[in-house]
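Take this structure first; my questions come after.
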């Protein structure tokens, strides 16, 4: 299968109140180009789902949004990514505070080998967000409450985070992410290692978090994309094929490739 | 499906799951089979009323249960596909449309049965001949509408579906004319009222069959273009069906 030449993204890749703006983004791993000329807005307080077959570049694109790809030596990024109209790849940008503003939740829950309390307190401590112990305790409690985990762990904050169930660990990671008060949360298949009940809890949480945060979620589950997002972006072989309101994408997609993917006609 | 901009070696006609293909094909073909049966029911009902021969009427009443059973069976299969496959886009529209169409077909079957029952009541009556011309005309038209709607469904033919919708307007006009004729009979001779009411029910049933055929055509437009044109006027329907179809074909979907 080859790349579509001169492809313009179908639908509505731009929105009225963008939090993040990607313009003409290309990603290269050495000589190999993984993402081609992607322009996309991620609106404030919206959940956008990035879907597409394996290797289509959706995770690579997501990782560009908080410069996680910087950790890969051979990775080179072209184009612009603007957070509140500020280029996040500008030389003056320090990635540490950037990643506090644009947090990330990974596929597999990755709690630190520390207590539940310290897992959540880690970010606020290293970013110097607190001066007193009671402030830290307040942030930890509030973050755990927002992540829907407080009632389950409030009596064992000193227990190791790794001792929690998979779903609880993932909510702990979400609590850790929101403890530093980010503006955007990137989620890379956050439920793929979880059972349906834990998945439902995380999805409920995503819906609640939308009031305060902007969320971009990569998912292989089209039902999940349909449930949690307001807009859906379909990637194919490194190109952004279509972006539209989620209900439209799943009932009447505009592009034949989107239709073929979501109806299971190729994978 | 147009392939603008898409590498030619890609073929989207089949699902990765062969079973999904055959499940979708199965509900489609069973719906067509049910449609064929219902179409015959209507033709027989019109024949019974216009010829006075009640043999087809008995047959229709006997077969009503078959139509009901088919509706339930196809609808159950649609539910199974929704549960097992979680279809999206054109597949979802197809399953929803089949489920809606079989309900309309079942109601057409009910109307054919009503016509058959009234045909038995008016048979042998001296006044059974009211509005025969209208019944014949409307009966033929709705028969054509049912087959037109089913053919349009089979061929994904939006224009064919729109023709059916236009015909429904003609049937409605003929129905109004026939009602005026019946009222005249009833005013002139009150003894004719009970028979005229039988004829009225028959006309009403035929008119309703036209409405159901129109509903089926609306589903064809929904499957092909994605536009939900229920409760729209003909001009709105034409505009939306073609607009959405053009939108889709311009990008190949």
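Limited to the stretch A:79-124, what total is found for residues that are without any contact (Cβ under 8 Å) to a residue 24 or more places away in the chain and in contact with a helix residue (DSSP H, G or I) (Cβ under 7 Å, 6 or more places away or on another chain)?
Of the residues in the stretch A:79-124, 1 are without any contact (Cβ under 8 Å) to a residue 24 or more places away in the chain and in contact with a helix residue (DSSP H, G or I) (Cβ under 7 Å, 6 or more places away or on another chain).
Can I ask one more? Please go through the stretch B:62-87 and pick out each residue that is outside any helix (DSSP H, G or I) and buried (at least 22 other Cβ atoms within 10 Å of the Cβ). I'd like the intermediate steps shown before the answer.
Just the residues of the stretch B:62-87 that are outside any helix (DSSP H, G or I), to begin with: B:86-87.
The one that is outside any helix (DSSP H, G or I) and buried (at least 22 other Cβ atoms within 10 Å of the Cβ): B:87.
Test of understanding: among A:86, A:46, A:80, which residue is over 24 Å from residue A:250 (Cβ atoms) and in contact with a strand residue (DSSP E or B) (Cβ under 9 Å, 6 or more places away or on another chain)?
Numbers: A:86 fails: in contact with a strand residue (DSSP E or B) (Cβ under 9 Å, 6 or more places away or on another chain); A:46 fails: over 24 Å from residue A:250 (Cβ atoms).
Only one candidate passes the filter, namely A:80.
Among the residues in the stretch B:228-241, are any under 18 Å from residue B:95 (Cα atoms) and within 14 Å of another protein chain (Cβ to nearest Cβ)? It would help to see each step written out before you state the result.
Residues of the stretch B:228-241 under 18 Å from residue B:95 (Cα atoms): B:228-230.
Those still in the list that are within 14 Å of another protein chain (Cβ to nearest Cβ) too: B:228-229.
The answer is yes; a qualifying residue exists.
Do you know which residues across the stretch A:229-249 are part of a helix (DSSP H, G or I) and crowded, with 24+ Cβ neighbours inside 10 Å?
Looking only at the stretch A:229-249, we keep the residues that are part of a helix (DSSP H, G or I), and these are A:246-249.
A:249 - this is the single residue of the stretch A:229-249 that is part of a helix (DSSP H, G or I) and crowded, with 24+ Cβ neighbours inside 10 Å.
Let me ask something additional. Can you find a residue in the stretch A:256-265 that is in contact with a strand residue (DSSP E or B) (Cβ under 9 Å, 6 or more places away or on another chain) and in a loop (DSSP other than H, G, I, E, B)? Even if it seems obvious, please write down each step before you answer.
Kept after step one, since they are in contact with a strand residue (DSSP E or B) (Cβ under 9 Å, 6 or more places away or on another chain), are these residues of the stretch A:256-265: A:256-259, A:261-262.
Narrowing the set further to residues that are in a loop (DSSP other than H, G, I, E, B) leaves none.
The answer is no, given that none of the residues of the stretch A:256-265 is in contact with a strand residue (DSSP E or B) (Cβ under 9 Å, 6 or more places away or on another chain) and in a loop (DSSP other than H, G, I, E, B).
Here is a further query. Could you tell me which residue of the stretch A:1-15 is modelled with the lowest pLDDT, considering only residues that are within 7 Å of chain B (Cβ to nearest Cβ) and loosely packed, with under 14 Cβ neighbours inside 10 Å?
Taking the stretch A:1-15 and keeping what is within 7 Å of chain B (Cβ to nearest Cβ), we get A:1-2, A:4, A:7, A:10.
Adding the requirement that they be loosely packed, with under 14 Cβ neighbours inside 10 Å leaves A:1-2.
Values: A:1: 46, A:2: 57.
Applying the filter and picking the extreme gives A:1.
Let me ask you something else. Within the stretch A:217-267, how many residues turn out to be facing another protein chain (nearest Cβ under 7 Å), closer than 26 Å to residue A:103 by Cβ and either touching a helix residue (DSSP H, G or I) at 6+ places or on another chain (Cβ under 6 Å) or in contact (Cβ under 8 Å) with a residue 60 or more places away in the chain (or both)?
Going through the stretch A:217-267 one residue at a time, the tally reaches 1.
Conditions (1) crowded, with 20+ Cβ neighbours inside 10 Å; (2) assigned to a helix (DSSP H, G or I); (3) modelled with pLDDT under 90, marked per residue:
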residue: B:178; (1), (2), (3): yes, yes, no
residue: B:204; (1), (2), (3): no, yes, no
residue: B:210; (1), (2), (3): yes, yes, no
residue: B:213; (1), (2), (3): yes, yes, no
residue: B:218; (1), (2), (3): yes, yes, no
residue: B:227; (1), (2), (3): yes, no, no
residue: B:240; (1), (2), (3): no, yes, yes
residue: B:247; (1), (2), (3): no, yes, yes
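The values are calculated or read from the model by the stated rules, or taken from the named source; none is laboratory data. This is a predicted model, so every value here is computed, not measured. We place every Cβ from the backbone using ideal geometry, glycine too, and count neighbours over all the protein chains shown.
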